[in-house]
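Have a look at the structure below before the remarks.
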Amino acid sequence: MDKRPTIIQLFLSFLRLGITAFGGPAMVQYIKELSVKRNKWMDEETFKEGIALCQSIPGATAIQMAAYVGLRTKGITGALLSYIGFGLPAFILMLILSALYERSHNISQIISLFNGLQVIVVALIANALHSFGKGILRSYKEIFIFAVAAFLFWSGISPFMVIIGAALTGIVFFRGVSFTISSSHGKQRNRWMFKQIALLFLILLAGLLLLYVADIKLFRLAVMMLRIDLFAFGGGFASVPLMLHEFVNVKGWMDYKTFMDGIALGQITPGPIVITATFVGYLLYGLLGSIVATIAIFTPSFLILIVVTPFFDRLKTSAYFLMATKGILASFAGLLFYVTLKFALAVPWDIVRLLLGLGALIALAKRVDVLYVVLIGAAISIVVL
């Protein structure tokens, strides 16, 4: 590492980057440009290790990488400010869009807009399934876990139980498989502020206790979001089927259409798709609900990052960890397949929607920026639907 940024530099740099953070994991390259090439806050090898770590733990990869850069350069305070800076633009925009949605979604133009965006959402998740699955489903064992997981999700089994089962199955199935295991070479990782980590956990527990006493509904919302993020292995899209299961199928807080509208709004905003939590919290309990839901959906993955990073050199040499992760990722391909079908069945398909969906899918497959796909799809929806 050639030089360290100030706390203010970190926050402002990631705030500026967060304004244009469309494309999910694609933003990792821009974070690398910022932290490795342009400012030389860390070397490329350290950055690559961060990518491997963030892909192995729950949460959206891009915002996790923002926190990782902050953690490596300015400790836990730097991680927290980088995390907040990167996600703040998405939260503010989603809050505004949620308020507008609540007030105007019965207007005919708005109805047409979201009818079209439902189709775009199906294309986005189908494309995510294809991109994610082709890198994961490389043997009959992974395909088997994928198929069984998809069936269990369709049968109504809790996704959390399926994930745990997939991890255990991975340990059994992939025993004896050769893994590429990196060696530890990070002497600078010996000093970590464990008192600060403990303080963050105490703040979380105190916040939950306060919510429990003040408003049991907000407490349950927070716990639900915490649990979803805790099991969101495989990036931001991994949280979508978990939210669908809990908010629509189990709790009945909203219908499929409303939830899909929230996902569509999450694609319009910069930042990770889990910002849909802001939409859900706002529709349920207003501004306070949106704040509670947003903080809760990002907290577990952030805490896991700062706790696991000091031990990652040892963790990434564990064959059991790698086997379990392999099983979990295969199950998430099944999860994405399930939610693609579920969302597709909720769309009232006709020739216009079919052509719009195919066009969006082709554009995404050809790597057209997701922002352009969503905006063009929205414009077409208003005109023809």
In the list Ile268, Ile273, which residue meets the criterion of being under 16 Å from the mean Cα position of the chain (by Cα) and closer than 18 Å to Leu329 by Cβ? Ile273
Can you name every residue in the range 365-379 that is modelled with pLDDT of 85 or more and either among the polar types (S, T, N, Q) or surrounded by 13 or more Cβ atoms within 10 Å (Cβ to Cβ) (or both)? Ala365, Ile376
Take the range 319-348 and flag every residue that is crowded, with 18+ Cβ neighbours inside 10 Å and outside any helix (DSSP H, G or I). Val347
If you take the residues of the range 141-165 that are under 18 Å from Thr340 (Cβ atoms) and among the small types (Gly, Ala, Ser), which of them is surrounded by the most Cβ atoms within 10 Å (Cβ to Cβ)? Ala149
Exactly one of Lys37, Lys32, Lys48 is within 22 Å of Pro270 (Cα to Cα), modelled with pLDDT under 90 and either within 19 Å of the chain's Cα centre (by Cα) or surrounded by fewer than 22 Cβ atoms within 10 Å (Cβ to Cβ) (or both), and that residue is Lys32
Look through Ile164, Ile181, Ile203, Ile197 and report the one residue that is modelled with pLDDT under 70, farther than 17 Å from Tyr140 by Cα and among the hydrophobic types (A, V, I, L, M, F, W, C). Ile181
Out of Gly78, Gly116, Gly170, Gly87, sole residue that is buried (at least 20 other Cβ atoms within 10 Å of the Cβ), touching a Leu at 6+ places or on another chain (Cβ under 6 Å) and modelled with pLDDT of 85 or more: Gly78
For the list (1) at pLDDT below 85; (2) assigned to a helix (DSSP H, G or I); (3) more than 22 Å from the chain's Cα centre (by Cα), I need the number of the one condition that Asn106 fails. (2)
Does the range 162-177 hold any residues that are in contact with a helix residue (DSSP H, G or I) (Cβ under 8 Å, 6 or more places away or on another chain) and of a type in the set (A, V, I, L, M, F, W, C), and which are they? Val162, Ile163, Ala166, Ala167, Leu168, Ile171, Phe173, Phe174, Val177
Working only within the range 249-271, note down all residues that are over 13 Å from Ile228 (Cβ atoms), of a type outside the set (A, V, I, L, M, F, W, C) and not in a helix (DSSP H, G or I). Gly252, Asp255, Thr269, Pro270, Gly271
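The values are calculated or read from the model by the stated rules, or taken from the named source; none is laboratory data. Keep in mind that what you see is a predicted model, and the values were worked out from it rather than measured. As a convention, Cβ positions derive from the backbone with ideal geometry for all residues, glycine included, and neighbour counts pool all protein chains shown.
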